[in-house]
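Colleague: The structure's right below; bear with me while I get my questions together.
The values are calculated or read from the model by the stated rules, or taken from the named source; none is laboratory data. As the structure is a prediction and not an experimental result, all values here were calculated from the model. Cβ placement follows ideal geometry from the backbone for every residue including glycine, while neighbour counts extend to all protein chains displayed.
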Amino acid sequence: MARYTGPVCKLCRREGMKLFLKGSRCVGEKCAFERRSYPPGERGRGRIKASEYSKQLREKQKIKRTYGLLEKQFRGYYKKAAKQKGITGENLLRLLEIRFDDIIYRAGFAFSRPEARQLVRHGHFTINGRKVNIPSYRLKEGDVFGLAPKGNAKARVQESLSYTAKGEVPEWLDVDPKTMTGKVRELPDREQISMPFDEQLVVELYSK
């Protein structure tokens, strides 16, 4: 599967916000965004007047890079969101939030979404007692997920959970750190998705 393999800290600087692509490094002193919050490149510190299209494009890139998707994948999610009832932008974020790798990250089982994706691909987690190694698998309300009994990622998951502060796990998820299991209590609405995105700009971009 194709994926971005370049320097991820540059992505944070380009989008003007922390995308938390390097896990614990992003909250430490070594965070590149904290030291150089301006965009990369020789013109990074210059003031550039952003056009309406530029704002829409940057918002799309911000969401796409946060969830670790390539353009074709992201466009596919947008088409699915547009076919669903309700507000397209909110549908889009909900589809991204209920991906298996994102839920593993949200539950505190991994330091970052890239790490959660890798753990899922290696078969370290189950859904309803069945091992699933597809990061894009979409969970439903009532689904139970957890660490596979014969997996060797227990120490890593425990370390990640120890860094997860109380209140960081979204309210639409139930997580038991002792058993390293969780449950999708309900599908999230926009107010429960604590991401500083303006998804309407993405809708406007794809509606042209």
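Colleague: I'd like the residue in the stretch 175-208 that is free of Cβ contacts under 8 Å to residues at least 40 places away in the same chain and either touching a His at 6+ places or on another chain (Cβ under 7 Å) or hydroxyl-bearing (Ser, Thr, Tyr) (or both) and, out of all such residues, is nearest to residue 126 (Cα to Cα).
Modeller: Here the residue is 181.
Colleague: While we're here: Tell me, please, whether a residue that is modelled with pLDDT under 95, among the polar types (S, T, N, Q) and more than 30 Å from residue 83 (Cα to Cα) can be found in the stretch 147-157.
Modeller: Scanning the stretch 147-157 turns up at least one residue that is modelled with pLDDT under 95, among the polar types (S, T, N, Q) and more than 30 Å from residue 83 (Cα to Cα).
Colleague: Would you mind telling me which numbered condition in (1) within 15 Å of residue 93 (Cα to Cα); (2) in a loop (DSSP other than H, G, I, E, B) residue 178 fails?
Modeller: The single condition residue 178 does not satisfy is (1).
Colleague: Follow-up question, since we're still on this one. Mind checking which residues of the stretch 194-203 are surrounded by fewer than 17 Cβ atoms within 10 Å (Cβ to Cβ) and either assigned to a loop (DSSP other than H, G, I, E, B) or out of contact with any Gly (no Cβ under 7 Å at 6 or more places or on another chain) (or both)?
Modeller: 194, 195, 196, 198
Colleague: Checking residue 126 against (1) modelled with pLDDT of 90 or more; (2) exposed (fewer than 13 other Cβ atoms within 10 Å of the Cβ); (3) not aromatic (Phe, Trp, Tyr), which single condition isn't satisfied?
Modeller: Exception for residue 126: condition (2).
Colleague: A further question on this structure: Of everything in the stretch 129-145, what is touching a Ser or Thr at 6+ places or on another chain (Cβ under 8 Å) and surrounded by fewer than 23 Cβ atoms within 10 Å (Cβ to Cβ)? Give them in sequence order. If you could, list the steps in order and put the result at the bottom.
Modeller: First, pick out the residues of the stretch 129-145 that are touching a Ser or Thr at 6+ places or on another chain (Cβ under 8 Å): 132, 144-145.
Within the stretch 129-145, 132, 144 meet the criteria.
Colleague: Would it be correct to say that residue 169 is over 30 Å from residue 71 (Cα atoms) and either buried (at least 17 other Cβ atoms within 10 Å of the Cβ) or not hydrophobic (A, V, I, L, M, F, W, C) (or both)?
Modeller: Taking the combined requirement at face value, the residue does not satisfy it.
Colleague: With respect to residue 118, determine if the residue is without any contact (Cβ under 8 Å) to a residue 40 or more places away in the chain and either within 14 Å of the chain's Cα centre (by Cα) or in the same structural domain as residue 52 (by TED's automatic domain parsing) (or both).
Modeller: yes
Colleague: If you don't mind, another one. Quick check, is residue 153 touching a strand residue (DSSP E or B) at 6+ places or on another chain (Cβ under 9 Å) and in the same structural domain as residue 175 (by TED's automatic domain parsing)?
Modeller: Spelling it out, residue 153 is indeed touching a strand residue (DSSP E or B) at 6+ places or on another chain (Cβ under 9 Å) and in the same structural domain as residue 175 (by TED's automatic domain parsing).
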